[in-house]
Amino acid sequence: MSVRVKVPATTANLGPCFDTLGLALDYYNIVEIAECLQGLTIQVEGEGVDLLPTDQRNLVYRAAKLVFDEVGYQPPGLRIKLVNKIPLSRGMGSSSAAIVGGIVAANAIIGNKLSTERMLELATQIEGHPDNVTPALLGGFTVASVQEGKIYTIKLLPPAIKAIVVIPNFHLPTEKARAALPKQVSLSDAVFNVNHASLLVAALATGNLALLKIAMQDRLHQPYRTKLIPGMNDVLAAAKDAGALATALSGAGPTLIAFAAEKYEAISQAMSEAFRMNKVECRTMILGFNTSGAMLIHE
Ligand code: HSE
């Protein structure tokens, strides 16, 4: 049996909702898994072609194996082909796309025995936090909470705006971006984030775009990660000056993201110019959102 899955890129945190909120973008990797008579072959095209392991360490394979192990199925052999467009270690959910792609493909091979909830639990178990894997699987804006290994999630549909995504030409491993965070924060910063995260989810749920600029402020992770991304504050300020509704560090970075209902090109140019003034090369994309999540592709 052979299956192909299309999995969206994602942006997590959206400012104050650290490890909680995520949004699926209209930009995709393709994961193809075919059973064969024996062995494991993994072919990578596009992003990560020279970097990703093509043996049992490969994340797509590890995710698929978790599904097979869960139901006690042992495929005789596997051929995996990855067509990757999502840049690696940039804060756009490339590892979540790999995990979700492997899980959804493997689940199709075993006859869809696992529920969406179980797939989400397995994906979060591998990734360590639910904020990218949830929108990669479900699409839309997702609020996700983990309690004793179970994921509690609500999906919201995104408003009619677009994301301007600015991707610097350097990698920032998530572990390094997480190591920059403090072990403890003040009560006033914690309250600031509870307050803004709540306002952000309420604004998204009701389509109140005017509140995004206020709501999408953060004190738990962005201030500590600024030093890892030269020019970050200049780029975010340039986006706002050019007409963005709100801005954020995308996931753990280094990609920066702005949301807008108009002036997409002007915002994109202002952001890339601000990066260049800080001697950082970057590429930009203007993206809509994905609302369906990972999908099997039927030829
Ligand atoms: N919430 C995560 C972080 C996303 O900011 O570290 C990165 O995977």
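Rg and Dmax of the range 134-286, based on Cα coordinates, read 15.8, 46 Å. Which of the residue pairs LYS162/LYS213; LYS81/LYS176; LYS155/LYS240; LYS113/LYS150; LYS176/LYS227 have a Cα-Cα distance greater than 21 Å in the structure shown? Pairs exceeding 21 Å: LYS81/LYS176; LYS155/LYS240. Distance between the 7 Å Cα→Cβ label points at ALA160 and ILE286: 1.7 nm.
Determine the calculated [θ] at 222 nm for the chain from helices alone, applying -39500 (n - 2.57) to every DSSP H run no shorter than 4 residues and normalising by the residue count; nearest 500 deg cm²/dmol.
Calculated at 222 nm, the ellipticity per residue is -10500 deg cm²/dmol.
Rounded to the nearest 10 degrees, what's the angle between the helix 187-206 long axis and the longest principal axis of the chain, both from Cα atoms, 0 to 90? With rounding to tens, the tilt is 70 degrees. For the range 7-133, a crude dipole built from +1 on the beta carbon of Lys and Arg and -1 on the beta carbon of Asp and Glu, taken about the Cα centre, is about 200 debye to the nearest 20. Shown is the FRET efficiency for LYS213 and SER2, computed with R0 = 41 Å from the Cβ-Cβ distance and rounded to the nearest 0.05: 0.30.
Taking 35 Å as R0, compute the FRET efficiency from the Cβ-Cβ separation of ASN233 and ALA261 and round it to 0.05. Don't skip to the end; give the middle numbers.
Values: r = 23 Å, r/R0 = 0.67.
That gives a FRET efficiency of 0.90.
Once the 1.4 Å probe is applied to the protein heavy atoms, the chain comes out at 44 Å² accessible per residue.
Using the charge dipole of the chain (Lys, Arg: +1 at Cβ; Asp, Glu: -1 at Cβ; taken about the Cα centre), state which of GLY102, THR10, VAL31 has its Cα farthest towards the positive end. Value: THR10. When all protein chains stay in place and ligands, DNA and RNA are ignored, the 1.4 Å accessible-area order of VAL100, VAL194, largest first, is VAL194, VAL100. For TYR152 and ASN169, the difference between the fully extended length at 0.36 nm per residue and the C-alpha to C-alpha distance is 2.6 nm. Taking all protein chains as they are arranged and a probe of 1.4 Å, the heavy atoms of TYR27 leave approximately 30 Å² accessible to solvent.
Solvent-accessible area of the range 223-283 (1.4 angstrom probe, protein heavy atoms only): carbon and sulfur portion equals 52 percent. For the chain, a crude dipole built from +1 on the beta carbon of Lys and Arg and -1 on the beta carbon of Asp and Glu, taken about the Cα centre, is about 260 debye to the nearest 20.
Within the full protein context, the accessible area of ILE214 is estimated at about 90 Å² for a probe radius of 1.4 Å.
Over the range 80-167, what percent of the accessible surface lies on carbon and sulfur atoms, probe 1.4 Å? Percent of accessible area from carbon and sulfur atoms in the range 80-167: 51. Restricted to Cα atoms, the range 163-207 shows a radius of gyration and a Dmax of 15.2, 37 angstrom. The accessible area of ARG283, taken with all protein chains in place and a 1.4 Å probe, comes to roughly 90 Å².
Using a 1.4 Å probe on the protein chains only, how many percent of the accessible area of the range 1-56 belongs to carbon and sulfur?
48
Springs join every pair of Cα atoms under 10 Å in this Gaussian network model of the chain, and among LEU181, LEU245, LEU204 the largest mean-square fluctuation is at LEU181.
Of the residues ALA237, ILE154, ILE126, the one whose Cα sits farthest toward the positive end of the charge dipole of the range 118-240, with +1 on the Cβ of Lys and Arg and -1 on the Cβ of Asp and Glu, is ALA237. Taking a ≥ b ≥ c as the square roots of the Cα gyration tensor eigenvalues, the range 44-175 comes out oblate, since a/c reaches at least 1.5 and a/b does not exceed b/c.
One quarter of the surface of the convex hull around the alpha-carbon atoms of the range 1-75 equals 6.7 nm², the direction-averaged projected area. Size of the chain from its Cα atoms: along the principal axes, largest to smallest, the extents are 58, 39, 37 Å.
The values are calculated or read from the model by the stated rules, or taken from the named source; none is laboratory data. Nothing here was measured: the structure is a model prediction, and the numbers come from that model. Note that we place each Cβ from the backbone using ideal geometry, even for glycine, and neighbour counts take in every protein chain shown. When the accessible area is computed, the model is the full protein with side chains, heavy atoms only, and any ligands, DNA or RNA have been set aside. Shrake-Rupley method; radii C 1.70, N 1.55, O 1.52, S 1.80 Å.
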